[in-house]
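The structure under discussion appears below in the form of structure tokens.
The values are calculated or read from the model by the stated rules, or taken from the named source; none is laboratory data. Every value quoted in this text rests on a predicted model; they were computed, and no experiment measured them. Cβ placement follows ideal geometry from the backbone for every residue including glycine, while neighbour counts extend to all protein chains displayed. SASA here: full protein model, heavy atoms, side chains in, ligands and nucleic acids out. Shrake-Rupley method; radii C 1.70, N 1.55, O 1.52, S 1.80 Å.
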Amino acid sequence: MESRNQSSASEFILLGLSENPEQETLLFALFLCMYVVMAMGNLSIILAISSDSHLHTPMYFFLANLSLVDFGLATNTVPKMLVNIQMKSKSISYPCCLTQMYFFHFFGIVDSVLIAVMAYDRFVAICHPLHYTTIMSPHLCGLLAGSPWVFSYFISLTHILLMVRLVFCGNNKIPHYFCDLTPLLRLSCTDTSVNKIFVLIVAGMVIATPFICILASYARIIVAIMKVPSAGGRKKAFSTCSSHLSVVALLYGTTIGVYLCPSSVRTAVKEKASAVMYTAVTPMLNPFIYSLRNRDLKGALRKLFSKKIISSS
């Protein structure tokens with residue numbers, strides 16, 4: 001009860017990526033460019049898929065959802081950092097901090113589960129091609145795409161409800177550029193054991209479990225591809241998965257670096273570097289990964305941009 005009577009922090013100080021003014025100017029220009037490229041890339045993919053009837057298939061439906069999630073994930077963190085650098089203010093109110101943390105986990109969880117859903121889609125397409133349209137029905141696609149959003153809503157809300165019960169009565173400086181769970185837990189002067197246990201449970205559900213499902217899907221996919229008699233057929237089958245595998249490597253490489261590395265080898269610098277990859281670099285690269293090696297998507301993007309040019313002229 002004593003901790004309840006202590007005054008909790010009303011705001012936090014986001015120390016950002018650097019406290020050097022010259023470095024901050026460079027970071028502002030770099031992250032502004034990255035954000036603009038990310039926004040244009042992901043929104044273009046969403047518009048191209050929605051406007052081209054040839055892309056109204058499960059694979060592109062899930063890709064449009066992924067682009068929306070990537071846009072939300074980057075928009076939740078990068079603009080606030082840019083504003084803080086420009087305004088020379090690093091403070092964030094307690095409610096805004098919790099809101100930012102909620103949406104970071106919300107989009108992050110959807111991202112992780114959706115990547116696993118896309119792996120299942122590739123598994124059905126390659127291992128059961130004759131039954132693909134039957135298995136991946138519009139009802140199942142809607143369920144597979146919608147469930148991660150509902151699931152993430154409740155998990156992220158639980159994180160916030162557990163965070164609200166904590167008291168922050170000492171240091172209010174967060175060595176990060178946005179409000180993340182782990183740095184906030186370190187600042188609390190009350191018992192955080194329940195929060196840490198829930199973090200481990202959630203990590204198992206939204207990181208380890210989807211990753212295992214992805215590995216299982218691709219194990220079956222590789223077996224199926226190796227049974228294809230022609231080298232051209234094997235190459236074509238693998239090419240449909242190469243973009244997704246690149247995204248998996250980017251996503252889980254950075255996520256594991258942020259949340260599953262032992263605390264003994266985890267530092268604030270490493271956490272920030274992994275978070276930059278996860279919240280800014282990966283959402284920016286995903287549109288290029290999917291569009292550069294996909295002939296249909298490149299065609300849809302060309303049609304989209306040609307329409308924009310004609311309409312503006």
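Is there a quick way to get the dipole size of the chain? I mean about its Cα centre, with the Cβ of Lys and Arg at +1 and of Asp and Glu at -1; what is the value in debye to the nearest 20?
That gives a dipole near 880 debye.
Considering only protein heavy atoms and a 1.4 Å probe, what is the carbon-and-sulfur percentage of the accessible area of the stretch 30-95? Show your work: numbers first, answer last.
Details: 2150 of 2800 Å².
Percent of accessible area from carbon and sulfur atoms in the stretch 30-95: 77.
Express in nm, to one decimal, how much length is gained between Ile201 and Ser137 on full extension, taking 0.36 nm for each residue of separation and deducting their alpha carbon distance.
This chain segment gains 19.9 nm when fully extended.
With the calculation restricted to Cα positions, what are the radius of gyration and Dmax of the chain in angstrom?
Radius of gyration, then largest Cα-Cα span, for the chain: 21.3, 72 Å.
For the stretch 129-137, just list the computed ³J(HN,Hα) in residue order, Karplus coefficients 6.51, -1.76 and 1.60, θ = phi - 60°, integers in Hz, with x standing in for Gly and Pro.
Once rounded to whole Hz, the list reads x, 6, 10, 4, 5, 6, 5, 8, 6.
Run the simple label-point estimate for Thr190 and Ser246 please: 7 Å along Cα→C-beta, distance reported in nm.
4.7 nm
What residues have an amide H closer than 5 Å to that of Lys173, excluding those fewer than 5 places away on the same chain, when H is modeled at 1.01 Å from N in the peptide plane?
Close amide H contacts, sequence-distant or interchain: Ile13.
Mind checking the dipole of the stretch 76-198: about its Cα centre, +1 per Lys or Arg Cβ, -1 per Asp or Glu Cβ, Debye to the nearest 20?
With Lys and Arg at +1 and Asp and Glu at -1, about 460 debye.
Tell me, what ³J(HN,Hα) does each residue in the stretch 275-290 have, in order and in whole Hz, if you take phi through Karplus 6.51 cos²θ - 1.76 cosθ + 1.60 with θ = phi - 60° and put x for Gly and Pro?
5, 4, 4, 6, 9, 10, 5, 4, x, 6, 7, 3, x, 5, 4, 7
Which one, Tyr120, Phe104, Asn172, is farthest towards the positive end of the dipole of the chain when Lys and Arg carry +1 and Asp and Glu -1 on their Cβ?
Among Tyr120, Phe104, Asn172, the one farthest towards the positive end of the dipole of the chain is Tyr120.
Taking the simple approach of a point 7 Å from Cα along Cα-to-Cβ for both Ala216 and Thr25, what is their distance in nm?
5.5 nm
Provide the solvent-accessible area of Met226, counting protein heavy atoms only and rolling a 1.4 Å probe, rounded to the nearest 10 Å².
Estimated to the nearest 10 Å², Met226 gives 130 Å².
Which residues make up the longest stretch of the chain that has no trypsin sites (Lys or Arg not before Pro) in a DSSP loop with at most 14 other Cβ atoms within 10 Å?
Details: sites that count: Lys88, Arg165, Lys227, Arg293.
Free of exposed loop sites, the longest segment is 1-87.
Using helices alone, what [θ] at 222 nm do you get for the chain, with -39,500 (n - 2.57) per DSSP H run of 4 or more residues, divided over all residues and rounded to the nearest 500? Walk me through the numbers on the way to the answer.
Numbers: 13 runs with 229 residues, N = 313.
The helix contribution divided over the chain gives -24500 deg cm²/dmol.
Run the quick spin-label model on Val281 and Ser89: label points 7 Å from Cα toward the beta carbon, then report their separation in nm to one decimal.
Label-label distance for Val281 and Ser89, simple model: 3.1 nm.
Tell me, in nm to one decimal, what length is gained between Ser10 and Lys298 on full extension, where the rule is 0.36 nm per residue of separation less the Cα-Cα distance? Intermediate values should be presented prior to the final figure.
Details: separation 288, 0.36 × 288 = 103.68 nm, distance 4.85 nm.
Full extension from Ser10 to Lys298 adds 98.8 nm.
Just the accessible area for Phe211, please: 1.4 Å probe, Å², rounded to the nearest 10?
Spelled out: Phe211, probe radius 1.4 Å, area about 70 Å².
For a label point 7 angstrom out from the Cα of Ser147 toward its Cβ, which stretches of the stretch 105-123 have the backbone nitrogen within less than 17 Å?
109-123
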